[in-house]
Amino acid sequence: MKQRFLRGVLLIVAAATAWGMGGVAGQYLFQNYQADAVWLVMVRQIIAGFLFLLFAWLQKQDVLRIMREDLKAIAAFSFIGVLGAQLGFYHTISLCNAATATVLQYMAPVFVMLWMSLKNKTLPEGREFIGIFFAVIGVFLISTHGNIDTVVLSPAALAVGIYSAIAYAYYTVMPVELLQKYSATVVIGWGQLLSGLGLIFFRSPAAFPSCWDNQATMAFLYLLFGATIASYSLYLAGLKIVGPTKASLISCAEPLASIIAVVLLLGTVLTAEDLIGMGCIIFTVLLLSLPKK
């Protein structure tokens, strides 16, 4: 039993690390190849969505039923949740760095909590107020380094980063009913595919960057297969073993992996204020992820 649980923990850690390294791969492409966030997200979403749906179809699932019966719901999930979270995340990376973008997006549980309080017409409880306080302190330190007269994080990066967190919160809450009717593979597959196809109006998938070399191609392939296909599969496998509560706590390894990687691999300089601010937000996520007694 202990070995099985340990295997589940390792699977979740591996999934979180793979997700976190996806942001680092994106920052590498932005820093060294002037990659376009819209094109990057579009092609990644289209290919990943197609592969998810192909896998579901090979398992004899009716992948078109959701389009017939719940078109409005899957469209809302795709364009508000998936597209908002993914494009917002990678655009934030292009404006600052992967570690900051990841931590800002990890404020999503705060917005989920606020939405549930509004929906249920109840005030946040004690630890939820504490979580909000630390989240605000964390954003303040990351964006100003503790000096209210100085803004070190561009307003655009902060705004898009928080938007990506709100979109990710919607991504978390919205598909609950869909997941009761359809498999996660089908829901995620259509979410990825539709959100990617929606960007064709702004970019051509065929406009492959001419300046890319083998290193850039490898980074993009990692974004597709490592940070999307593999991480999703590892997370689901671990989730079945450890359960959703422990999985959400363990997945906080994602921002930690991103912070370590951008410093060691890409030479990104993070100040003490950055690290303390990131720690405040990670603490908030851990606090809000703990089950209520």
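Computed from the coordinates by the stated procedures, all read-outs in this text should not be read as laboratory data. This one's a predicted model, so the numbers in the text were calculated from it and none came from an experiment. Methodologically, a virtual Cβ is constructed for each residue, glycine included, from the backbone with ideal geometry; neighbour enumeration extends over all protein chains shown.
Rounded, prolate or oblate: which fits the range 1-140, taking a ≥ b ≥ c as square roots of the Cα gyration tensor eigenvalues, rounded meaning a/c under 1.5, else prolate when a/b beats b/c? Rounded. Phi angles of the range 73-85 translate, via the Karplus equation with coefficients 6.51, -1.76, 1.60 and θ = phi - 60°, into HN-Hα couplings of 5, 6, 5, 5, 4, 5, 8, 8, x, 5, 5, x, 5 Hz per residue; Gly and Pro are given as x. Note that the range 280-286 has calculated 3J(HN,Hα) couplings of 4, 6, 5, 4, 4, 4, 4 Hz, one per residue in order, obtained from phi through the Karplus relation 6.51 cos²θ - 1.76 cosθ + 1.60 (θ = phi - 60°); glycine and proline are x. Structure remark: mean-square fluctuation, Gaussian network model of the chain, C-alpha springs under 10 Å; the largest value among 220, 111, 129 belongs to 129. Taken about its Cα centre, the chain carries a charge dipole of about 1080 debye when Lys and Arg each add +1 at the Cβ and Asp and Glu each add -1 at the Cβ. Coupling constants for the range 175-192 follow from the phi torsions by the Karplus curve (6.51 cos²θ - 1.76 cosθ + 1.60, θ = phi - 60°), and in residue order they are x, 4, 5, 4, 6, 7, 9, 10, 5, 4, 5, 5, 4, 5, x, 5, x, 5 Hz; glycine and proline get x.
Per-residue counts of other Cβ atoms within 10 Å, averaged by peptide: what ranking do you get for 255-266, 60-71, 175-186, highest first? If you can, show how the numbers build up before the last one.
Numbers: 255-266: 20.0, 60-71: 13.5, 175-186: 16.1.
Top to bottom by mean Cβ count within 10 Å: 255-266, 175-186, 60-71.
State the label only: which of [x] 20.7; [y] 19.1; [z] 19.6 corresponds to Kirkwood radius over Cα pairs in Å computed from the shown model? Checked against the structure: label [z].
Report the far tail of the P(r) of the range 129-269, meaning the percent of Cα-Cα pairs longer than 21 Å. It works out to 63 percent of all Cα pairs.
Across the range 53-159, the relative contact order, built from alpha-carbon pairs under 8 Å that are at least six residues apart, equals 19 percent.
Taking only DSSP H segments of four or more residues, each worth -39500 (n - 2.57), what value at 222 nm results for the chain once the sum is divided by all its residues, to the nearest 500 deg cm²/dmol?
Details: 16 runs with 215 residues, N = 293.
Taking each H run of at least 4 residues, the total per residue is -23500 deg cm²/dmol.
Looking at the square roots a ≥ b ≥ c of the eigenvalues of the Cα gyration tensor of the range 182-235, which shape do they give, rounded for a/c under 1.5, prolate if a/b is larger than b/c, or oblate?
Working: a/c = 4.98, a/b = 1.31, b/c = 3.81.
Judged from the Cα gyration tensor, the range 182-235 comes out oblate (a/c at least 1.5, b/c at or above a/b).
In the chain, taking the dipole from charged Cβ atoms about the Cα centre, the farthest positive-side position among 111, 212, 201 is held by 111. In whole percent, what relative contact order does the chain give with Cα contacts below 8 Å and a gap of six or more residues? Taking the mean separation of contacting Cα pairs over the length of the chain, I get 43 percent.
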